[in-house]
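A.B. asks: Have a look at this one before I ask anything.
Each reported figure results from applying straightforward, stated rules to the coordinates on display, with no laboratory input. Bear in mind the structure is a predicted one, so any value in this text is a computation, not a measurement. Every residue, glycine among them, receives a Cβ derived from its backbone with ideal geometry; neighbour counts consider all protein chains shown.
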Amino acid sequence: MNGGRTAPRRPWIPPLVLFVVMIGVWYAVSYLLLSPDRRFLLPPPHAVVQVGFLDAANRAELLTGLRLSTEVALIGLAVATVVGVALAIVMAQATWIERSLHPYLVILQTIPILALVPLFGFWFGFGFFTRVLVCVLIALFPIVTNTLFGLLSVDQAHHDLFTLQGAGRLARLWKLQLPAALPSIFTGLRISAGLAVIGAVVGDFFFRQGEPGIGALIDLYRGRLQSEQLFAAVALASLLGLAVFLAFGALSRRVTDWHSTQDGGH
Amino acid sequence: MVLAQTIGAALSFSGVGKRYGDGTEALSGIDLTVAPGEFISVIGPSGCGKSTLLRLAAGLTTATQGLVERDARSVGYVFQDPTLLPWRSVQANVELFGELNGLPKAERRRRADEAIALVGLTEFTRRRPHTLSGGMRMRVSLARSLTLEPELLLLDEPFGSLDEITRERLNDELLRMFGARRFAALFVTHSVAEAVFLATRVIVLSPRPGRILAEFHVPFGYPRPGEARFSQEFARIASQVSACLRGPLT
Ligand SMILES: Nc1ncnc2c1ncn2[C@@H]1O[C@H](COP(=O)(O)OP(=O)(O)OP(=O)(O)O)[C@@H](O)[C@H]1O
Ligand SMILES: [Mg+2]
């Protein structure tokens, strides 16, 4: 069926095995490869948990940072979604609009937004607004392109159906193009969600004022050689990315359950 | 598209030809008038322009020659594929046309319920298309086209992909609806038996570019009992249509 590949019966087992192996390698490097005075380069997992998460004060600091970064990422993603879908809708109306906007989107995608963070800070201050702005700019492109693709790849036969009923642009958009584009929109959302987390965490490196997010904490711990906390912060940041990715995957499957199995469309 | 009020026909083609942008000549010299209450079957080899004929009738494409005139308050079109919206339930799919035409909610619900009952899918109103069989999807598409009580119904091989039994049942259902509503119908099919059983008139098209080769009148009235399929008269007309379709023996 699927190119000779067999699907395991319990799909969570292989990743779990790999996880155990990686923890094993981690311990091996910590204890066998690194001498005790250099062990701070890779503290063993239990030390990371103990110092980073079980110590109440450290945990509070980490969780506050995580909350701030999550807020920045989610608000940035929400704004990017609204703006991105709106842009795609505008671009879908006429080829000349699409053609005139497209180069600028590509530029937006190719310039390293993170390298511009100091500039944005210079203009808008290093506050919440700028943090969100960075996330929006980083997350925008995949949403626009995927939504546009979805809006434009509606079946001709479905368009004919609406044409026959004399449907206007608005009815076509609401009742045909947007619902048909939902799976593509979610594909974009999933990519952008990961990017928004990167924007929130990495952008944070540059924000020295105000409450520190998880990125600022990572930088702080590195500077102070607090390696257990550093690893705990890195793990949390990774978990945030993973959680966002999984959440959007699940949401997408719920909302577009007709998609993977559809051939009733035509 | 011009209104055909002057001629009292639901649909009329005069000298219609269609050449697509890439130079493909799909139809040529079509003269055809469909009066209200007439059921016309169109039969012809694959690629001879049958779908094109319906698209012209619906105004989805324009003739490159001649004139297409139409006088119908509302046109129903059953495409070759079901073209259901996969994210909508059966009920919502059937209500779509009413929605697009601004019918009040209660009214479009009533019409949808009626149409769904007509095609025998009342138990499945909440299902999504991907959970239905091909035949059921086609029936949903048929129900949808009936909600606006069309004066002209265009059907493009609606039952082409179905098994013989389902097909005959849907033929009977379609005739029952035709008996009740007496719309004008243009019905494309590949099946000689189906063409003759349904129609007041059968039109045979030539290979591309499609021209009208012959016309056969079917002298049975409506309601037309299923047994008519096995009558001698029926067999005689069917064999004539079939012979015409095969063309002169060489
Ligand atoms: N949009 C198009 N552009 C160019 N050529 C087309 C287009 N649509 C149809 N044709 C051509 O016109 C001819 C008639 O097509 P049409 O779909 O009307 O045939 P048909 O009789 O419905 O065939 P079938 O029985 O297989 O459905 C074919 O040769 C087809 O390739
Ligand atoms: Mg066809």
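A.B. asks: Quickly work out the A:Phe128-to-A:Thr110 label distance, labels modelled 7 Å from Cα along the C-beta direction, and quote it in nm with one decimal.
C.D. replies: 3.6 nm
A.B. asks: Out of the stretch A:3-105, which chymotrypsin sites (Phe, Trp or Tyr not before Pro) are coil in DSSP terms and have no more than 16 other C-beta atoms within 10 Å?
C.D. replies: Filter output for the stretch A:3-105: A:Trp12.
A.B. asks: Give me the percent relative contact order of the stretch A:81-187, please, defined on Cα pairs under 8 angstrom at least 6 residues apart.
C.D. replies: Working: 76 pairs, mean separation 35.4, N = 107.
Over the stretch A:81-187, the number comes to 33 percent.
A.B. asks: Sticking with the crude label model, points 7 Å out along Cα→Cβ, report the distance from B:Ile165 to A:Glu211 in nm, one decimal please.
C.D. replies: It is 6.7 nm.
A.B. asks: Can you compute 3J(HN,Hα) from phi for each residue in the stretch B:97-104, using the Karplus curve 6.51 cos²θ - 1.76 cosθ + 1.60 with θ = phi - 60°, rounded to whole Hz and x for Gly and Pro?
C.D. replies: My calculation for the stretch B:97-104 gives 5, x, 4, 5, 9, x, 5, x Hz in order.
A.B. asks: For A:201-207, what's the mean count of beta carbons from other chains sitting within 10 Å of each residue's beta carbon? List each step's numbers first, then the result.
C.D. replies: On the way: counts 0, 0, 0, 0, 0, 0, 0.
Mean partner shielding for this stretch: 0.
A.B. asks: Where both partners of a DSSP beta bridge lie in the protein assembly as shown, what percent of those bridges are antiparallel, to the nearest 5?
C.D. replies: On the way: 16 of 36 bridges.
Roughly 45 percent of the beta bridges in the protein assembly as shown run antiparallel, per DSSP.
A.B. asks: Compare A:Ile143, A:Ile23, A:Ile113 in a GNM of chain A, Cα atoms joined below 10 Å, and give the one with the largest fluctuation.
C.D. replies: Answer for the Gaussian network model of chain A: A:Ile23.
A.B. asks: From other protein chains only, count the Cβ atoms within 10 Å of every residue's Cβ in A:156-163, then give the mean.
C.D. replies: On the way: counts 2, 5, 5, 2, 7, 12, 3, 3.
Mean partner-chain Cβ count within 10 Å for A:156-163: 5.
A.B. asks: So, one more: Kindly state, to the nearest 0.05, the FRET efficiency for A:Asp257 paired with B:Ala235, given R0 = 45 Å and r defined as their beta-carbon distance. Intermediate values should be presented prior to the final figure.
C.D. replies: Details: r = 49 Å, r/R0 = 1.10.
E(calc), rounded to 0.05, equals 0.35.
A.B. asks: Here's something else I'd like to know. Using a Förster distance of 60 Å, how high is the FRET efficiency between A:Glu71 and B:Ala228, based on the Cβ-Cβ distance and rounded to 0.05? If you can, show how the numbers build up before the last one.
C.D. replies: Working: r = 73 Å, r/R0 = 1.22.
Rounded to the nearest 0.05, the efficiency is 0.25.
A.B. asks: When only C-alpha pairs under 8 Å and at least 6 residues apart count, what is the relative contact order of chain A, in percent? Don't skip to the end; give the middle numbers.
C.D. replies: Details: 285 pairs, mean separation 66.9, N = 266.
Across chain A, relative contact order equals 25 percent.
A.B. asks: Shape of the stretch A:1-83 from its Cα gyration tensor (a ≥ b ≥ c, root eigenvalues): rounded if a/c is under 1.5, otherwise prolate when a/b > b/c, or oblate? All intermediate terms of the calculation are to be shown ahead of the outcome.
C.D. replies: Values: a/c = 2.64, a/b = 1.03, b/c = 2.55.
It comes out oblate by the Cα gyration axes.
A.B. asks: Pop out the Kirkwood hydrodynamic radius of chain B from its pairwise C-alpha distances, inverse of mean 1/r, in Å to one decimal.
C.D. replies: Details: mean 1/r = 0.0537 Å⁻¹.
About 18.6 Å for chain B.
A.B. asks: While we're looking at this one, here's another question. So who's got an amide H within less than 5 Å of the one on B:Leu205, skipping anything under 5 residues away but keeping other chains? H placed 1.01 Å off N, in plane.
C.D. replies: B:Ile43, B:Gly44, B:Leu213
A.B. asks: Rounded, prolate or oblate for the stretch B:141-224? Axes are the square roots of the Cα gyration tensor eigenvalues, ordered a ≥ b ≥ c, and the cut-off for rounded is a/c under 1.5.
C.D. replies: Details: a/c = 1.44, a/b = 1.37, b/c = 1.05.
Rounded shape, in that the Cα axes give a/c under 1.5.
A.B. asks: Output the peptides B:54-61, A:165-172 sorted from most to least packed, where packing is the average of other Cβ atoms within 10 Å over each peptide's residues.
C.D. replies: Working: B:54-61: 20.6, A:165-172: 13.6.
Going from most to least packed, we get B:54-61, A:165-172.
A.B. asks: While we're looking at this one, here's another question. Given Cα positions, please report Rg to Rh for the stretch B:82-149, the hydrodynamic radius being the Kirkwood one.
C.D. replies: On the way: Rg = 10.5 Å, Rh = 11.4 Å.
The Rg/Rh ratio comes out at 0.92.
A.B. asks: Something else about it: Calculate how many DSSP beta bridges within chain B are antiparallel, expressed in % of all such bridges and rounded to the nearest 5.
C.D. replies: Details: 16 of 36 bridges.
Close to 45 percent.
A.B. asks: Further, regarding this structure: If you count, for every residue in B:50-59, the Cβ atoms of partner chains within 10 Å of its Cβ, what is the mean?
C.D. replies: Values: counts 0, 0, 0, 0, 0, 1, 0, 0, 3, 2.
Across B:50-59, the average partner-chain Cβ count within 10 Å equals 1.
A.B. asks: Report the relative contact order of chain B, percent, no decimals, based on alpha-carbon pairs under 8 angstrom and at least 6 residues apart. Let's see the in-between values first.
C.D. replies: Numbers: 495 pairs, mean separation 65.9, N = 250.
With pairs under 8 Å counted, the relative contact order is 26 percent.
A.B. asks: Based on the Kirkwood radius over alpha-carbon pairs, what is the Stokes-Einstein translational diffusion coefficient of the protein assembly as shown at 37 °C with 0.692 mPa s viscosity, in µm²/s?
C.D. replies: Details: Rh = 27.8 Å.
The Stokes-Einstein estimate is 118 µm²/s.
A.B. asks: Roughly speaking, what is the centre-to-centre gap between the stretch B:221-249 and the stretch B:143-160 when only Cα atoms are used, to the nearest Å?
C.D. replies: 23 Å
A.B. asks: Let me ask another. 222 nm [θ] for the protein assembly as shown, helices only, -39500 (n - 2.57) per DSSP H run of 4+, per residue, to 500?
C.D. replies: Working: 19 runs with 276 residues, N = 516.
Dividing the helical sum by the residues of the protein assembly as shown leaves -17500 deg cm²/dmol.
A.B. asks: Here is a further query. Which whole-number value in Å³ per residue fits the convex hull of the alpha carbons of the stretch A:61-265? Mind dumping the intermediate values first?
C.D. replies: On the way: hull volume 25.4 nm³, N = 205.
Expressed per residue, the convex hull around the Cα atoms of the stretch A:61-265 is 124 Å³.
A.B. asks: Could you tell me whether the stretch B:112-182 comes out rounded, prolate or oblate from its Cα gyration tensor? Rule is a ≥ b ≥ c as square roots of the eigenvalues, rounded for a/c under 1.5, then prolate if a/b exceeds b/c, otherwise oblate. Can you show the working numbers first?
C.D. replies: On the way: a/c = 1.66, a/b = 1.17, b/c = 1.41.
Oblate.
A.B. asks: With each label point set 7 Å from Cα along the Cα-Cβ vector, what nm distance links B:Glu25 and A:Phe40?
C.D. replies: Those two pseudo-labels are separated by 8.9 nm.
A.B. asks: Give the calculated FRET efficiency between A:Ala47 and B:Arg182 to the nearest 0.05, with a Förster radius of 60 Å applied to their Cβ-Cβ distance.
C.D. replies: Values: r = 85 Å, r/R0 = 1.42.
Calculated value: 0.10.
A.B. asks: Would you please give the residues with an amide H less than 5 Å from that of B:Thr33, counting only those at least 5 places away or on a separate chain, with H modeled from the backbone geometry?
C.D. replies: It is B:Phe13, by chain and number.
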